[in-house]
Amino acid sequence: MDSIIVRGNGPLNGVIPIAGAKNACLALMPATLLSDEPLTLTNAPRLSDIKTMGVLLESLGAEVSSLNEGRVMILSSHGADNPLAHYDIVRKMRASNLVLGPLLARHGKAIVSLPGGCAIGARPMDIHVTAFEAMGAVIELKDGYLHADAPGGLKGAEIDFHFASVGATENVMMAATLAKGTTVINNAAREPEIIDLADCLRRMGAQIDGDGSSTITIQGVESLHGATHPVVADRIELGTYMLAPAFTGGEVELLGGRRDLLGAFCDRLEEAGVDISETDSGLKVVHKSGRVRAVNIKTEPYPGFPTDLQAQMMALMCTADGVSVLEETIFENRFMHAPELVRMGAQIDVQGGMATVTGVERLRGAPVMATDLRASVSLILAGLAAEGETVVSRVYHLDRGYERVEEKLSACGALIERVKA
């Protein structure tokens, strides 16, 4: 397996372009299953998860091609007639379950393996299943597969989520576009990726209102057509690279960055003593010197502090002046990076869903192991500020969510290299 070697090298200065959002693109791609006509996505990220979703769609009979080194994707489902999403593909990525709604809506049938991905929590499918049953589907779990049937087509329904699940909101919203009648999703997720998917579906002819709020209304239509849609900027990549100069000092401009994508995160970063300003091309982050101040965070659904930036923020708090408390409310097993940061000299006490971090003046380079996608990049960021050399192993997680991280950080002066296995 590849490793990444990082050596502390002082302040970072430069420009980092922000790619299209992985989580948005993974929801947009299955939308092709809703139409016979091509769906073209621009600003697509070049990531292993995107490739995995492409392989899954091809296994269902869709055609997937790309232009401009993968930044433009053309998807066509005119020949997609296979309702089986096989375990061998689905196990690699939890977002694979997003084919369930489109397959049910278009073909009235779907057989989808229970999903895989990072081991950061159960992320059960019950909320998806309950919603589709309310829309008239009959669903049975057999041998690790969800067997779903709606021979008469899906019907509009009022659906109350007990949790504002992003994946369930996306899945139901796609399925409802072709359902008979009106579907109302209460306690819907409000993330920018939801708005991006709704924008794309509207371009395809869907009738959707309320995205970005907790109540989304979808009026089903007979059919959807093709469209071209730009993928929204990746707010998690944006937040990750905004943190880099907070670790090392320096000045970095994030091209394509938008504060509205990360309001709560930006507030906490400024509270820690980091300057953030808008530019004509994105966001500029400046931290001249010294340790940041300790701040407390609590992960929450959007517009709260993102769980996908908790690991990176914990790494920063390891070098902050003072004591910070981080509360993880989204996933029950998302502090697996803490022991690896402790190997680098961090002082972290984890009790259930709470982590208390006492900042130290400097971390020390050490061999560490990436346990999941966001944990892997948190260790790289920590290595940027550590004395000596940090070797991060098992970085295959990293390639699922960050596009050419070594190149982007090296361009700003970081000493970072990938070592092939």
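The values are calculated or read from the model by the stated rules, or taken from the named source; none is laboratory data. The shown structure was predicted, so the numbers you read here are calculated from the model rather than taken from an experiment. A quick note on method: Cβ atoms are made from the backbone with ideal geometry, for glycine too, and the neighbour counts reach across all protein chains shown.
State yes or no: is residue 149 acidic (Asp, Glu), more than 18 Å from the chain's Cα centre (by Cα) and assigned by TED's automatic domain parsing to the domain that holds residue 221?
yes
Does residue 338 satisfy the condition of being hydrophobic (A, V, I, L, M, F, W, C), at pLDDT 95 or above, surrounded by fewer than 24 Cβ atoms within 10 Å (Cβ to Cβ) and under 21 Å from the mean Cα position of the chain (by Cα)?
yes
A quick yes/no check of all residues on (1) free of Cβ contacts under 8 Å to residues at least 60 places away in the same chain; (2) among the hydrophobic types (A, V, I, L, M, F, W, C); (3) over 24 Å from residue 8 (Cα atoms):
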{"residue": "239", "(1), (2), (3)": "no, no, no"}
{"residue": "246", "(1), (2), (3)": "no, yes, no"}
{"residue": "252", "(1), (2), (3)": "no, yes, no"}
{"residue": "257", "(1), (2), (3)": "no, no, yes"}
{"residue": "283", "(1), (2), (3)": "yes, yes, yes"}
{"residue": "322", "(1), (2), (3)": "yes, no, no"}
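In this structure, does residue 301 turn out to be modelled with pLDDT under 95 and either β-branched (Val, Ile, Thr) or surrounded by fewer than 20 Cβ atoms within 10 Å (Cβ to Cβ) (or both)? Explain how you work it out, then say what you get.
Details: modelled with pLDDT under 95: yes; either β-branched (Val, Ile, Thr) or surrounded by fewer than 20 Cβ atoms within 10 Å (Cβ to Cβ) (or both): yes.
Yes: the conditions hold for residue 301.
What tally of residues in the range 125-144 results from selecting those that are part of a strand (DSSP E or B) and in contact with a strand residue (DSSP E or B) (Cβ under 7 Å, 6 or more places away or on another chain)? First the steps, then the outcome.
To start, the set of residues in the range 125-144 that are part of a strand (DSSP E or B) comprises 138-142.
Adding the requirement that they be in contact with a strand residue (DSSP E or B) (Cβ under 7 Å, 6 or more places away or on another chain) leaves 138-140.
Number satisfying all stated conditions: 3.
Check the range 398-410 and report whether any residue there is at pLDDT 95 or above and touching a Pro at 6+ places or on another chain (Cβ under 9 Å).
Checking the range 398-410: at least one residue is at pLDDT 95 or above and touching a Pro at 6+ places or on another chain (Cβ under 9 Å).
Inside the range 43-56, can you point out the residues that are aliphatic (A, V, I, L, M), without any contact (Cβ under 8 Å) to a residue 60 or more places away in the chain and more than 10 Å from residue 89 (Cβ to Cβ)?
Hit for the range 43-56 is 50, nothing else.
Out of the range 211-242, which residues are among the β-branched types (Val, Ile, Thr) and under 30 Å from residue 408 (Cα atoms)?
Those that are among the β-branched types (Val, Ile, Thr) and under 30 Å from residue 408 (Cα atoms): 228, 231, 232, 236, 240.
For (1) in contact with a strand residue (DSSP E or B) (Cβ under 7 Å, 6 or more places away or on another chain); (2) closer than 26 Å to residue 367 by Cβ, each residue gets a yes or a no:
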{"position": "289", "(1), (2)": "no, no"}
{"position": "315", "(1), (2)": "no, yes"}
{"position": "327", "(1), (2)": "yes, no"}
{"position": "330", "(1), (2)": "yes, no"}
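So for the range 207-225 (the condition being touching a residue at least 12 places away in the same chain (Cβ under 8 Å) and closer than 30 Å to residue 319 by Cβ), does at least one residue qualify?
No.
Hey, can you tell me all the residues within the range 72-87 that are of a type in the set (Gly, Ala, Ser) and either touching a Ser or Thr at 6+ places or on another chain (Cβ under 9 Å) or at pLDDT 95 or above (or both)?
If the condition is that a residue be of a type in the set (Gly, Ala, Ser) and either touching a Ser or Thr at 6+ places or on another chain (Cβ under 9 Å) or at pLDDT 95 or above (or both), then 76, 77, 80, 85 are the ones that fit.
If I ask for residues that are charged (D, E, K, R) and more than 21 Å from residue 232 (Cα to Cα), which ones from the range 258-280 would you list? Give the steps one after another, and end with the answer.
Keep residues of the range 258-280 that are charged (D, E, K, R), which gives 258-260, 267-268, 270-271, 275, 278, 280.
Of everything in the range 258-280, those that are charged (D, E, K, R) and more than 21 Å from residue 232 (Cα to Cα) turn out to be 267, 268, 270, 271, 275.
Would you check which residues across the range 88-115 are under 13 Å from residue 129 (Cα atoms) and either at pLDDT below 90 or not assigned by TED's automatic domain parsing to the domain that holds residue 176 (or both) and list them?
Residue satisfying the conditions is 114 alone.
Report the residue count in the range 175-195 for those that are within 18 Å of the chain's Cα centre (by Cα), surrounded by 23 or more Cβ atoms within 10 Å (Cβ to Cβ) and closer than 22 Å to residue 74 by Cα.
2
Just to be sure, is residue 222 in the same structural domain as residue 43 (by TED's automatic domain parsing), buried (at least 24 other Cβ atoms within 10 Å of the Cβ) and not hydrophobic (A, V, I, L, M, F, W, C)?
Against the criterion (in the same structural domain as residue 43 (by TED's automatic domain parsing), buried (at least 24 other Cβ atoms within 10 Å of the Cβ) and not hydrophobic (A, V, I, L, M, F, W, C)), residue 222 does not qualify.
With the condition kept exactly as written, say whether any residue in the range 254-264 is farther than 29 Å from residue 199 by Cα and not small (Gly, Ala, Ser).
No, there is no match, as no residue in the range 254-264 is farther than 29 Å from residue 199 by Cα and not small (Gly, Ala, Ser).
Specify the residue that is surrounded by the fewest Cβ atoms within 10 Å (Cβ to Cβ); the eligible residues are those in the range 403-421 that are part of a loop (DSSP other than H, G, I, E, B) and on the phi < 0 side of the Ramachandran plot. Write out each step before concluding.
Initial filter on the range 403-421 (part of a loop (DSSP other than H, G, I, E, B)): 403-404, 411-414, 420-421.
Those still in the list that are on the phi < 0 side of the Ramachandran plot too: 403, 411-412, 414, 420-421.
On the way: 403: 20, 411: 16, 412: 21, 414: 24, 420: 6, 421: 8.
Selected residue: 420.
Show the residue pairs meeting these rules: Cβ distance below 8 Å; 6+ apart or different chains; first residue within the range 122-151 and at positive phi; second residue part of a strand (DSSP E or B) and surrounded by fewer than 18 Cβ atoms within 10 Å (Cβ to Cβ).
Once the first residue is at positive phi and sits in the range 122-151, its partners that are part of a strand (DSSP E or B) and surrounded by fewer than 18 Cβ atoms within 10 Å (Cβ to Cβ) give 136/155.
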